[in-house]
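To start, the structure itself, in structure tokens.
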Amino acid sequence: MTNSPIDPVSSDSATIEALLFEDRRFPPPAAFKAASLASGNELYDAADKDLESFWADQAAELLTWSRNWDTVLEWDLPFAKWFVGGQLNVSENCLDRHVEAGKGDKVAFHWEGEPGDTRTITYAELLDEVCRFANVLKDLGVRKGDRVNIYMPMIPELAVAMLACTRIGAPHSVVFGGFSADALADRINDAQAKVLITADGGWRRGAAVPLKINADVALVDTPSIEHVVVVRRTGTDVHMETGRDQWYHDLMSMVSADCPPEPMDSEDLLYLLYTSGTTAKPKGIMHTTGGYLTQVAFTHKYVFDLKPETDIYWCAADIGWVTGHSYIVYGPLANGATSVMYEGTPDHPGKDRFWDIIERYKVTILYTAPTAIRTFMKWGVQEPERHDLSSLRLLGSVGEPINPEAWMWYHEHIGGSRCPIVDTWWQTETGAMMIAPLPGSTTLKPGSATFPLPGIGAELVDDQGARVENGGGYLTLTQPWPSMLRGIYGDPERYRETYWSRFPGRYFAGDGAKLDDDGYLWLLGRVDDVMNVSGHRVSTTEVESALVDHQKVAEAAVVGAKDETTGQAIVAFVTLKGDQKASDELGQELRGHVAKKIGAISRPRTIVFTEDLPKTRSGKIMRRLLRDVAEGRDLGDTTTLADASVVEEIRRRADAAPQED
Ligand code: PRX
């Protein structure tokens, strides 16, 4: 761990100390507590008493099963099976049972496109569209177990496509629309997907993102794809390959809305979602059916204190990330909630778009990321102040540590000082929230995700794996949980190695955290070579390999530097091949190259051209020093450097390097 961006075990970090001086407390407001679903310790006590019965009770209460399970948990570390022998269908749980219960006219999604067009979709309408699209997929030859790739903007058809896959038992693999053609092709090939569902484009900040054009580039290199379904969204002119590409609306007009749900085993693969790790190759995280749906429904209900009859819930993430999978699609629909879904960016047409949406739909629960909150802070309080936000009763945060200042701003200016804030720590791998308050029960401290949820075991350990009960350590999970990843697609060994080998018997999350005197957990960020940029995971190695893929680059080292708004920003130190000259234009070209190879979120903010990189005598790049340089800190120990003068020169150049917004 010598390259760790933070050392959670030593307490020399100013951030950690500052966090631990945070002594503001926010107990649940009395009225909120009185009306909440969980105001005491009952859920924690039940889980402590008997973990398996606790989760079995949740699975039985929250979901409808077509066959009961025989065994709650089979745990052969690190492989878990939950509700073994049980059968259910996810789309039936998300749709049919609500319609059968007489809630067909209830709104599932108030959808709003970025240009201002809207659609109101009831549960009955969503079921109808899902059944028809499931029949389309069947007609295209998709069978139970076949993988379907989805590369779409935030439009209702994205949720329809996912649910249609679950209806027929075809695992989906959604690739975020901001990823590049190369990234899409890699993911399609790893999953060996048979069908790709995409759109002509999607609206983002007033412009059409050319999804089909990107997909066409990817499709040159994806032999497993037999059919492409294209939703018309932006009206962009696109090429339709005869025999392969068909319009969604044409296919939908030819099928019936009768499609019985396929009963799936609890442990059948529900979806793959690719995420960045510490190597250049993204990992296909596997989630299965029964356990996943149980925990997303449970956490969505209790962490958001959901009252499906009255709440208007809005998760402002993109469905292309796990937050959208679990808390725009599966959790809210399983619980019969009414959600807002929004296609575009928060600054289009004005910087008050979110507040305008909240006012118009009377949103009661808002779930967003600290980067968004810090951006809103920068834009100023006049934006939310122009709107009536009094419908809000609960706020959520996810994706990165929330600094106390941003927490307080969110609390005061968005929540009117009356709404609890649930800071929810979890990962693509955990599938659902793991560390978070229960808003009617937990006293909040600004910046702390508080405690593990009922049924979740989390502990900190030191470098040697000894438990830390107070102070900093590595965050580990001590027991299996229903929505845990079941592995990395096609690579069980990598699964074991990545998550279960660092601390024997424990899942290592890759995060550092601190425990304060009251047992509150304070998340500190990643301790591995994974960056967190605007709440999105970016691998340093992946960006480095995109850079050295450029013909003029000899070597590259990438670090995440602290950034006031985005949490971390990508800083790349690049040495060029012998005859190449550094220039601002080349810097731009390299940024563009990374965006093309991976996607715009991975575009470095700063490129520092250097003659040399700081290396140990054995040739290992000392990232920790580069991080010190990138964050303008005094240099740490340089005695192991092969050539200490290299760093001073790099610092001089870093100070002069242009930064991109
Ligand atoms: O470092 C943690 C950070 O995001 C990582 C997981 O990223 P991803 O798989 O993309 O999922 C993001 C949405 C769940 C974690 O390892 N993270 C997530 N939530 C928090 C957080 N860090 C601090 N506080 C959080 N609430």
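The values are calculated or read from the model by the stated rules, or taken from the named source; none is laboratory data. Keep in mind that what you see is a predicted model, and the values were worked out from it rather than measured. With ideal geometry, Cβ positions are generated from the backbone for all residues, glycine too; neighbour counts draw on all protein chains shown. For accessibility, only protein heavy atoms count, side chains too; no ligands or nucleic acids. Shrake-Rupley method; radii C 1.70, N 1.55, O 1.52, S 1.80 Å.
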> What are the residues in the stretch 539-550 that are touching a residue at least 12 places away in the same chain (Cβ under 8 Å) and surrounded by fewer than 22 Cβ atoms within 10 Å (Cβ to Cβ), if any?
Replying inline: Thr541, Ser545, Asp549, His550
> Which one of Gly344, Gly320 is under 22 Å from the mean Cα position of the chain (by Cα) and within 16 Å of the ligand (Cβ to nearest atom)?
Replying inline: Gly320
>> I'm trying to understand the selection: among the residues of the stretch 21-43, which are buried (at least 19 other Cβ atoms within 10 Å of the Cβ) and assigned to a helix (DSSP H, G or I)?
In response: Leu43
>> Given the criterion farther than 27 Å from Asp186 by Cα and of a type outside the set (D, E, K, R), identify the matching residue among Pro614, Pro604.
In response: Pro614
>> So, Ile155, is that one without any contact (Cβ under 8 Å) to a residue 60 or more places away in the chain and either open to solvent by less than 10 Å² (accessible area, probe 1.4 Å) or within 25 Å of the chain's Cα centre (by Cα) (or both) or not?
In response: no
> Name the residues in the stretch 583-629 that are touching a residue at least 60 places away in the same chain (Cβ under 8 Å), within 13 Å of Arg653 (Cα to Cα) and open to solvent by 30 Å² or more (accessible area, probe 1.4 Å), would you?
Replying inline: Asp584
>> Exactly one of these conditions fails for Thr428: (1) touching a Pro at 6+ places or on another chain (Cβ under 6 Å); (2) farther than 16 Å from Ala513 by Cβ; (3) among the polar types (S, T, N, Q). Give me its number.
In response: (1)
> Given the stretch 189-235, what strands (runs of 3 or more DSSP E) lie entirely inside it while holding 1 or more residues that are aromatic (Phe, Trp, Tyr)?
Replying inline: 202-204
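Given the stretch 46-119, what strands (runs of 3 or more DSSP E) lie entirely inside it while holding 1 or more residues that are farther than 25 Å from Tyr489 by Cβ?
Details: elements: 71-76, 79-84, 107-112.
Result: 71-76, 107-112.
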> Which condition does Ala556 not pass, out of (1) open to solvent by less than 40 Å² (accessible area, probe 1.4 Å); (2) in contact with an Asp or Glu (Cβ under 6 Å, 6 or more places away or on another chain); (3) within 22 Å of Gly399 (Cβ to Cβ), if it passes all the others?
Replying inline: (3)
> In the stretch 282-308, what residues are out of contact with any strand residue (DSSP E or B) (no Cβ under 9 Å at 6 or more places or on another chain) and away from the ligand (no atom under 14 Å from the Cβ)?
Replying inline: Ala297, Phe298, Lys301, Tyr302, Lys307
> Restricting attention to the stretch 385-423, and to residues there that are aliphatic (A, V, I, L, M) and either without any contact (Cβ under 8 Å) to a residue 12 or more places away in the chain or out of contact with any Pro (no Cβ under 7 Å at 6 or more places or on another chain) (or both), which single residue is nearest to the ligand (Cβ to nearest atom)?
Replying inline: Val398
> Is at least one residue of the stretch 143-151 buried (at least 23 other Cβ atoms within 10 Å of the Cβ), assigned to a helix (DSSP H, G or I), in contact (Cβ under 8 Å) with a residue 24 or more places away in the chain and in contact with a Lys or Arg (Cβ under 9 Å, 6 or more places away or on another chain)?
Replying inline: no
> Gly416 versus (1) within 22 Å of the chain's Cα centre (by Cα); (2) surrounded by fewer than 19 Cβ atoms within 10 Å (Cβ to Cβ); (3) within 19 Å of Pro446 (Cα to Cα): which is the lone unmet condition?
Replying inline: (1)
> Has the stretch 457-466 got at least one residue that is in contact with a Pro (Cβ under 6 Å, 6 or more places away or on another chain) and within 16 Å of the ligand (Cβ to nearest atom)?
Replying inline: yes
> What about Ala257, is it more than 17 Å from the chain's Cα centre (by Cα) and within 26 Å of Asp182 (Cα to Cα)?
Replying inline: no
> Out of all the residues in the stretch 490-510, which are in contact with a helix residue (DSSP H, G or I) (Cβ under 9 Å, 6 or more places away or on another chain) and either buried (at least 22 other Cβ atoms within 10 Å of the Cβ) or within 25 Å of Tyr367 (Cα to Cα) (or both)?
Replying inline: Arg506, Tyr507, Ala509, Gly510
> Looking at the stretch 634-641, is at least one residue open to solvent by 10 Å² or more (accessible area, probe 1.4 Å), outside any loop (DSSP other than H, G, I, E, B) and out of contact with any helix residue (DSSP H, G or I) (no Cβ under 7 Å at 6 or more places or on another chain)?
Replying inline: no
> Identify, please: which residue in the stretch 485-507 is touching a Phe, Trp or Tyr at 6+ places or on another chain (Cβ under 6 Å) and within 15 Å of the ligand (Cβ to nearest atom) and is, among those, farthest from Gly399 (Cα to Cα)?
Replying inline: Arg502
>> Being charged (D, E, K, R), out of contact with any Asp or Glu (no Cβ under 8 Å at 6 or more places or on another chain), in contact (Cβ under 8 Å) with a residue 24 or more places away in the chain and open to solvent by 50 Å² or more (accessible area, probe 1.4 Å) is the requirement here; does Asp258 meet it?
In response: yes
> Ser545 passes all but one of (1) hydroxyl-bearing (Ser, Thr, Tyr); (2) within 15 Å of the ligand (Cβ to nearest atom); (3) out of contact with any Gly (no Cβ under 7 Å at 6 or more places or on another chain); which number fails?
Replying inline: (2)
>> I need the full set of residues from the stretch 561-582 which are within 16 Å of Val538 (Cβ to Cβ) and either touching a Gly at 6+ places or on another chain (Cβ under 8 Å) or open to solvent by 40 Å² or more (accessible area, probe 1.4 Å) (or both), in order please.
In response: Lys562, Gly567, Gln568, Ala569, Ile570, Val571
>> I need the full set of residues from the stretch 108-133 which are open to solvent by 10 Å² or more (accessible area, probe 1.4 Å), over 15 Å from Asn93 (Cα atoms) and of a type in the set (D, E, K, R), in order please.
In response: Asp117, Arg119, Glu125, Glu129, Arg132
> Going by the conditions given, is Ala513 buried (at least 21 other Cβ atoms within 10 Å of the Cβ) and out of contact with any Gly (no Cβ under 8 Å at 6 or more places or on another chain)?
Replying inline: no
> From the residues in the stretch 508-541 that are within 12 Å of the ligand (Cβ to nearest atom) and of a type in the set (Ser, Thr, Tyr), which one is farthest from Ile621 (Cα to Cα)?
Replying inline: Ser534
